Amino acid sequence: MVEGTLAKLAIPGQRLGSIASYSAGPGTHVQNANIYASIAGPIVIDPAQATAKTKSTISISRSIPQNAATKPVTTKSNPKYNTLPTVDSVVLARVTRVQKRQATVSILVVLDDSAATHPLNPSHTPSDNDNVAAILTSAANPENHSSSDELRFQALIRKEDVRVVEKDRVVMDEMFRVGDIVRGSVISLGDQSFYYLTTARNDLGVVMARSEAGNMMFPVSWKEMRDPDTGLAELRKVARPF
Amino acid sequence: METVKTKDSAPGAATRPQRQRQSNELRKIFLKTGLIPSASGSSYLEFEPSPALAAARSTPKSLIPPSSALKLACTVHGPKPLPRSATFSPNLVLTTHVKYAPFAARKRKGHIRDASERDLGVHLETALRGVIVAERWPKSGLDITITIIEAEDDRWWGDAPDSHDAPWGMMNVLAGCITAASAAIADARIDCLDLVAGGVAAIVSDGDDAAPRLVLDCDPAEHWSILSACVVAYMPSRDEITELWLKGDGSKAVLSADDKRLGNEALLDGAVDAARGAHTVLAEAVRESAERYAGLALGGPAR
């Protein structure tokens, strides 16, 4: 990223360049062979790779850059067009209802690409769970304006999407309990009211849960969490903690 | 100040405020974003009060304020999930609500939205629908709520109702709503094609023998009668109009000899000019919003 580009701000309708020299990224639109800004924010020019014959991508940043050091300089990830859940985005959700065939959750936050886990490279994000706690505890999370469950996007985890192995042996009560915080990946925008999530990956599943006694539990295996005070174990579909 | 003949010059009576601006000069606009922290986007807009108000305050002749100037607050909530009863929508579903505060106008407004308020809401929705890039926000809704704290007068309060009456103040209110909503939407970072600005022009007559003339951003209290008025929602960078509302009959109005345009054409051009003026204020307010947002990013606590 070019130094000083962050200071340059665009407002909607501002002409950014021609499509002959740039390609349009998130936060922009094309009109009459020109790229215009669609939202207000800093202009980000992602330089083209020298090897590939591609144009630089011009986009308007929507997410707040946390700080310059942790900001990924070359993101190969899919561009983020808005703050809504899309297919393949990783979300944190709270379980609101557990039924025989499915669990209903309400989406608390859509994780940034930078905050999302990288399954192939776990050492890349060693503090992902700290990150989760930070996101859930910060009331001023700019992506989470809504506060009540009615204002949040609802999602379903179907029985067959809970885990990869022994799909037909899944008992939903032994996977999730109401109030658990679950990390899931969106597999479909679903119908008019629900998104569909999956937890069928090692890094997906319950990340925070309270025991029957009300204590915060720690994970002991992929299907068990334990209460540090009473020592009792409870069954969950646990996300790999690191 | 130009000398204008007025009907009501009885000694001791309150006098009608008079336009002291040039015919193409707008009132100053105060516009600020992000004043309501619980909303995802918000704005507050105020028009400059007429100088007659300051004059009446320093030398009061009557307890009734001579004119009123628009003040309104706009909040944007969303994008948020659609209600359970709604069907699947691949686009953003826009809802607009315009409500006068009970004390906003000289005649008290009820708590339930009346026909004129619903009408304003529909006009505002049309104006905004053409600007928002709705397909980027599937399955979500956007609520735009405008509270009018002080409305514009439809005519000078001392005038008796007559045949020239129409809710002229509503047109100024709509222009203000469009500009404020545009700022609030940009503040909420919803994708837009451009910043849409509202502008009003009117053909007014200041006496039986005075020739009708075109004025931008007219305050209805300042004129003896308004023949026709026009409000547009205009996107300057694309030179497109998303909403056009014309009231009255401007076709018979003969403008000055050197102006060959028809009445309605002149009105439309005037309204677009007024919207261009409002756009400069709007652009500055949105830039301020973006700076605040970027400043939050750079100066905010590191997590």
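The values are calculated or read from the model by the stated rules, or taken from the named source; none is laboratory data. This structure is a prediction, so every number in the text was calculated from the model and none was measured. With ideal geometry, Cβ positions are generated from the backbone for all residues, glycine too; neighbour counts draw on all protein chains shown.
Listing for the model above:
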read-out: Answer from B:VAL98, B:VAL93 - the residue that is within 14 Å of chain A (Cβ to nearest Cβ), touching a residue at least 12 places away in the same chain (Cβ under 8 Å) and aliphatic (A, V, I, L, M); value: B:VAL93
read-out: Residue count, the range B:98-124 (criterion: of a type outside the set (Gly, Ala, Ser) and under 18 Å from B:ALA73 (Cβ atoms)); value: 11
read-out: Which numbered condition B:THR96 fails, given (1) in contact with a Phe, Trp or Tyr (Cβ under 8 Å, 6 or more places away or on another chain); (2) of a type in the set (Val, Ile, Thr); (3) not in a loop (DSSP other than H, G, I, E, B); value: (1)
read-out: Any hit, the range B:72-79, residues being away from chain A (no Cβ under 14 Å) and hydroxyl-bearing (Ser, Thr, Tyr); value: no
read-out: Top-ranked residue in the range A:31-51 [being part of a loop (DSSP other than H, G, I, E, B) and surrounded by fewer than 22 Cβ atoms within 10 Å (Cβ to Cβ); ranked as farthest from the other protein chains (Cβ to nearest Cβ)]; value: A:THR51
read-out: Residue ID - surrounded by the fewest Cβ atoms within 10 Å (Cβ to Cβ), chosen from residues in the range B:53-72 that are touching a residue at least 40 places away in the same chain (Cβ under 8 Å) and in contact with a helix residue (DSSP H, G or I) (Cβ under 8 Å, 6 or more places away or on another chain); value: B:SER62
read-out: Members of the range A:9-30 that are outside any loop (DSSP other than H, G, I, E, B), more than 11 Å from chain B (Cβ to nearest Cβ) and either under 20 Å from B:LEU282 (Cβ atoms) or polar (S, T, N, Q) (or both); value: A:LEU16, A:SER18, A:SER23
read-out: Test for B:LEU246: is it without any contact (Cβ under 8 Å) to a residue 24 or more places away in the chain, more than 24 Å from B:LEU53 (Cα to Cα) and either assigned to a helix (DSSP H, G or I) or not hydroxyl-bearing (Ser, Thr, Tyr) (or both); value: yes
read-out: Which listed residue is without any contact (Cβ under 8 Å) to a residue 12 or more places away in the chain and over 22 Å from B:ASP217 (Cα atoms), from B:ILE144, B:ILE112, B:ILE132; value: B:ILE112
read-out: B:ASP194 within 14 Å of another protein chain (Cβ to nearest Cβ), outside any loop (DSSP other than H, G, I, E, B) and either in contact with a Phe, Trp or Tyr (Cβ under 9 Å, 6 or more places away or on another chain) or among the acidic types (Asp, Glu) (or both); value: no
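Per-residue answers, yes or no, for (1) surrounded by 24 or more Cβ atoms within 10 Å (Cβ to Cβ); (2) modelled with pLDDT under 95; (3) not basic (Lys, Arg):
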position	(1), (2), (3)
B:GLY141	no, yes, yes
B:THR147	no, no, yes
B:GLY158	no, yes, yes
B:ALA166	no, yes, yes
B:ALA183	yes, no, yes
B:ASP191	yes, yes, yes
